[in-house]
Amino acid sequence: MTTASIAGRATAVAARATDLSKIYGQGETQVVALDRVSVDFRQAEFTAIMGPSGSGKSTLMHCVAGLDTFSSGSVRIGETELGSLKDKQLTKLRRDKIGFIFQAFNLLPTLTALENITLPMDIAGRKPDKQWLDSVIAMVGLADRLGHRPSQLSGGQQQRVAVARALASRPDIIFGDEPTGNLDSRSGAEVLGFLRNSVRELGQTVVMVTHDPVAAAYADRVVFLADGRIVDEVYGPTAESVLDRMKQFDAKGRTS
Amino acid sequence: MFRTALRNVFAHKARLLMTVLAVMLGVAFVSGTLVFTNTISEAYQKSSAKGFDQVDVAVEPETQEDKGDTVGKTAELTQSLLDESARVPGAASAIGVVNGFTAIADKDGKLIGGGFQSQGGNYWGTKDARYPLVSGQVPSGAGEVLIDSKTAKRAGYEVGDTVRLSVDGPVLDPKITGIFTTDDGNVAAGGSLALFDTATAQRLFGKTGTYDQIDVRAKAGVSQAALKAELDKALPKDTVETTTGQELADSQAEMISSSMSGLKQGLLVFAGIALFVGTFIIANTFTMLVAQRTKELALLRAVGASRRQVTRSVLIEAFVVGVVAAVTGLAAGIGIGAGLRSLMGSLGATVPDGPLIITPGTVGAALAVGVLVTMLAAWLPGRRAAKIPPVAAMSSLYAAATTKSLVLRNTLGALFSGAGIAVVLAATTMSGSDGQAPMGLGAVLLIIGVFILTPLLSRPLIAAAAPVLRVFGVSGKLARQNSVRNPRRTAATASALMIGLTLITGMTVMAGSLQKSIDKMAASAIKADYVVSMANGNELSPDVEKKLGRIDDVTATSPLRNAPSRIDGETEYLTGVTGSTIGELTDLKIDSGAFKVGGTQVVVDDKTATSHGWKAGSGFTVSYEDGKKQKLTVTGVYEGNEMIQGIILDNATLSPHQSDPADMQVMVKTSDGTSGATKDQLEKALGSNPAIKVQDKKDLSDEIAQMFTLMLNMLYGLLAMAVLVAVLGVINTLAMSVFERSQEIGMLRAIGLDRRGIKRMVRLESLVICLFGGVLGIGLGVFFGWAAGELLGSSLATYELVLPWARMAVFLLLAATVGVLAALWPARRAGRLNMLAAIKSE
């Protein structure tokens, strides 16, 4: 059992969870989803969170992203402590500091691709940075699809719109919940490529929950969760190394 | 399967409540209408059904037709005819009936029953079987009167009290000598009845020595028909008409039901509309139920339920909902029926008393409507439910069948609307009653057409609201787009409001325009300060004018007297006035010639002049009632209106030819103009008579306005119903939309739209849908109001279209309010949606 170490890494932290616990129910029926988890997500780093079903990987992401409440501990996005925020402030924080990519593409069917991309800024009532917007659109290769509605786009294209939406408002951190879960492998690879490029070239911070070792291999670091605790982490992962690590869980799961 | 269906009904209470409410309102509307009309018509029937059990054969005077130069006269039923009737072998007895108007004042001097069926009659002999005495004794002479027990009780009169009465103007103060009961339905319905001895009644009602009717009773064993045959033989055919009691009762029943049918149809149209709209809501609700249960139903299919079983389970659910809703709706409807009557009563309408009538037909209709309509409305979604493939249970991405093209629908709608508009426009060019039927047909066609077209219309109309919605930022933009996402649903929702507002706006436009034209008429034609008339529209005794003329402040008076005459073989009514003063009292526009009335000089209105080919200076010969002829000269032609029209001549010329001169009204001009004090003075001079109305111009137009106000108030009451149905419909639609879009809402929350923004989005969508319905409804209403006005205008010279902008703004505001109110709950639900659960629920 190791706690993610930050020693030797001088880069600033984009999000940090300290002793984060999430407990459902009470007494007999109590379920501990997160058990005093401490983890840092550094700026300009691509982190994947992995773990078997029920390990708490999605819960961890939801708590850090301000989508869900937690029982104890603390979560910081930049300098902001989430535990003390009201719903309204949390909403504002998500709008201004965080980008999201979900498994189901989660675009609004009534809006065009471009309108979907600029939606967070529309909500905030801000004008998008034209130059930045163009470069994001160019990166995900949607320039000729901007007037289309989601129903006229393929699954891969839809998810690229979602990636562009997350990037367009230049959030401090982007969270992805199984962003490739509904895509075929080629489209999935494209989306992951964009995410990695955004980290490498644009200095974006990305945290992604996945159960796919191939997807995890795109990340700079993989954090493994089991039974609500962080059990390991791997830097510079490959699909094979991640798969090997995952197999240990399976073995452990069978023996225990 | 039945158990599954039942479980479903109870599994979702809010949903159940909404469905039941929707059906219930429809049923309540229908049954309320039926209860109301049945109750009213029953009461009317009773009110006119005078104890025919006392009459075996009624002898009534024959009225001759107008022929050649003679005005047809009504024969008189004399004492000798009565004696002859009593002498026929089959007759047991015969009594003479005298009727007339008799107003009774209560102890404060106010008219009892508001002029509604204030009747007087005669007490026959020493013991009249029609009117059993409760207390006191038979009256004798003008100083004694009997009153019915209901009126006595209402006003607190007892035997020995003095009561103020009026028959044709002058006030009487007789003593009550007795109180009687009667099965006279008019009394049961709230009217009053005063009885004098026969000679007094004949004198007071101006029928000295004659009767209005002779009621003959048959001897035991003699049939009504046999007695009638005997009487026909015995009595002169050209003066009397005999009718059996049975025939009288039958013809009366027929007359009543036909006079009630208009009101009944009007109300049923409303009920039909409510039902129509209700059907859409029910269908919508079940569509939502099925949508929410796609997975559940697919699972049923996957584990082996057949399509038919799935359909049946939806139908059973509909049946249960329908039965519950129909029963509660019936109860509510009975309440509405009772409430509507007391509402009408409190608004000043004269509604006859009587028990609340709930016929088996009403109950049957309510149940059938509730259950059948619900099942019918659920049938389509039920079939759709059965078509859900079993695989939908597994797949997270099963989407409902794509919406069919609207092309067919739009074509059909355009055809209906086009035909409707064409027919309505064609109808406006027709005159009066000819245009009514096509107008109604056109209106129905157009409403159906627009109803079909609403999905098409929703896009451009809602797009027009975009600039306003932009103020609300993203919420506004999303609301607009959401509202046109499912045009059919939006249309069905908006239609509920549309139809209600169409009717109400149309009526308001018409009533407002009519009101204006009547005001104009009253203002333009009359210079008199006051018009004096009888409360029930009867004629005034000439004494009234004499009394008014004696008042110091009164500068001019003129009665308006009506008399039939024959001119060129046609019946024309002559209007008799005081020639010397009429110029001061009226302000008629002269088309040609001069306004000179006196001697043989008369003026005629433009229509009469045209039909006879008269001009100023023409002469014609008139035959009066008494058969005398006279040559008259037209001095001028004036523009007639609804109050004053026809041939105007001097009373000095007319009255000698009348057997019983009486005034329709008396116009009065005073030196002080109109003021409360003057009015009091006039009323006092007439003995503070409860039966006489002294009205200034404003009173006159108010009186007519009251009629419209009453009608409008009733309609507004019904509108409240339509609005309620509409609110439910909007709630339904929004709840459905929020449910379907929960994933989107979750995503919007995640990427930073706060609760307020979400709520605002739902509210704005609701507002947009309701305003869409409101604008359509008001637009259609104005069109219909205009068209109906064109039709009316052809017979009403001063008619002018008045658009009630303030009212229309109120209606639009009402539509907006409906939108905001209906969105309260769905918006709250959307705001509270757990975003994580929403995002995951794929």
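Per-structure values
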{"quantity": "Residue match in segment A:95-114 (condition: within 10 Å of chain B (Cβ to nearest Cβ), assigned to a helix (DSSP H, G or I) and under 27 Å from residue B:740 (Cβ atoms))", "calculated": "yes"}
{"quantity": "Which numbered condition residue A:154 fails, given (1) of a type in the set (S, T, N, Q); (2) within 13 Å of chain B (Cβ to nearest Cβ); (3) surrounded by fewer than 15 Cβ atoms within 10 Å (Cβ to Cβ)", "calculated": "(2)"}
{"quantity": "Condition check for residue A:47: of a type in the set (Val, Ile, Thr) and either touching a helix residue (DSSP H, G or I) at 6+ places or on another chain (Cβ under 9 Å) or within 10 Å of chain B (Cβ to nearest Cβ) (or both)", "calculated": "no"}
{"quantity": "Check on residue B:152, out of contact with any Ser or Thr (no Cβ under 6 Å at 6 or more places or on another chain), surrounded by 21 or more Cβ atoms within 10 Å (Cβ to Cβ) and free of Cβ contacts under 8 Å to residues at least 40 places away in the same chain", "calculated": "yes"}
{"quantity": "Output for segment A:84-98, where each listed residue is loosely packed, with under 14 Cβ neighbours inside 10 Å and over 17 Å from residue B:746 (Cα atoms)", "calculated": "A:84, A:86"}
{"quantity": "Residue in segment A:115-127 that is nearest to residue B:477 (Cα to Cα), counting only those that are more than 8 Å from every other protein chain (Cβ to nearest Cβ) and buried (at least 24 other Cβ atoms within 10 Å of the Cβ)", "calculated": "A:116"}
{"quantity": "Unmet requirement for residue B:47, which otherwise passes all of (1) closer than 26 Å to residue B:365 by Cβ; (2) among the small types (Gly, Ala, Ser); (3) modelled with pLDDT of 70 or more", "calculated": "(3)"}
{"quantity": "Complete set of residues in segment A:159-172 that are buried (at least 22 other Cβ atoms within 10 Å of the Cβ) and within 14 Å of chain B (Cβ to nearest Cβ)", "calculated": "A:159, A:161, A:162, A:163, A:164, A:165, A:166, A:167, A:168, A:169, A:171"}
{"quantity": "Matching option when the condition is crowded, with 18+ Cβ neighbours inside 10 Å and in contact with a Cys (Cβ under 6 Å, 6 or more places away or on another chain), among A:70, A:41, A:46", "calculated": "A:70"}
{"quantity": "Which listed residue is touching a residue at least 60 places away in the same chain (Cβ under 8 Å) and away from chain B (no Cβ under 14 Å), from A:72, A:38", "calculated": "A:38"}
{"quantity": "Count of residues meeting criterion [under 16 Å from the mean Cα position of the chain (by Cα) and either more than 14 Å from chain B (Cβ to nearest Cβ) or modelled with pLDDT under 85 (or both)] in segment A:75-94", "calculated": "3"}
{"quantity": "Single residue of segment B:562-588 satisfying the filter (assigned to a loop (DSSP other than H, G, I, E, B) and among the small types (Gly, Ala, Ser)) that is surrounded by the fewest Cβ atoms within 10 Å (Cβ to Cβ)", "calculated": "B:569"}
{"quantity": "Unique match (being in contact with a helix residue (DSSP H, G or I) (Cβ under 8 Å, 6 or more places away or on another chain) and modelled with pLDDT of 85 or more) among B:200, B:151, B:177", "calculated": "B:151"}
{"quantity": "Single unsatisfied condition, residue A:139 versus (1) within 14 Å of chain B (Cβ to nearest Cβ); (2) closer than 21 Å to residue A:220 by Cβ; (3) assigned to a helix (DSSP H, G or I); (4) in contact with a Phe, Trp or Tyr (Cβ under 7 Å, 6 or more places away or on another chain)", "calculated": "(1)"}
{"quantity": "In segment B:753-762, residue farthest from the other protein chains (Cβ to nearest Cβ) [restricted to those that are in contact with a Leu (Cβ under 8 Å, 6 or more places away or on another chain) and crowded, with 23+ Cβ neighbours inside 10 Å]", "calculated": "B:762"}
{"quantity": "Some residue of segment B:473-491 being more than 14 Å from every other protein chain (Cβ to nearest Cβ) and crowded, with 21+ Cβ neighbours inside 10 Å", "calculated": "yes"}
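Per-residue answers, yes or no, for (1) under 30 Å from residue B:477 (Cα atoms); (2) modelled with pLDDT of 80 or more:
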position: B:725; (1), (2): yes, no
position: B:739; (1), (2): yes, no
position: B:743; (1), (2): yes, yes
position: B:754; (1), (2): yes, yes
position: B:761; (1), (2): yes, yes
position: B:764; (1), (2): yes, yes
position: B:779; (1), (2): yes, yes
position: B:788; (1), (2): no, yes
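Residue-wise test of (1) touching a Leu at 6+ places or on another chain (Cβ under 7 Å); (2) not in a loop (DSSP other than H, G, I, E, B).
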{"position": "A:161", "(1), (2)": "yes, yes"}
{"position": "A:175", "(1), (2)": "no, yes"}
{"position": "A:181", "(1), (2)": "no, no"}
{"position": "A:195", "(1), (2)": "no, yes"}
{"position": "A:219", "(1), (2)": "no, no"}
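The values are calculated or read from the model by the stated rules, or taken from the named source; none is laboratory data. Keep in mind the model is a prediction, meaning the values are calculated, not measured. Backbone-built Cβ (ideal geometry, glycine too); neighbour counts: all protein chains shown.
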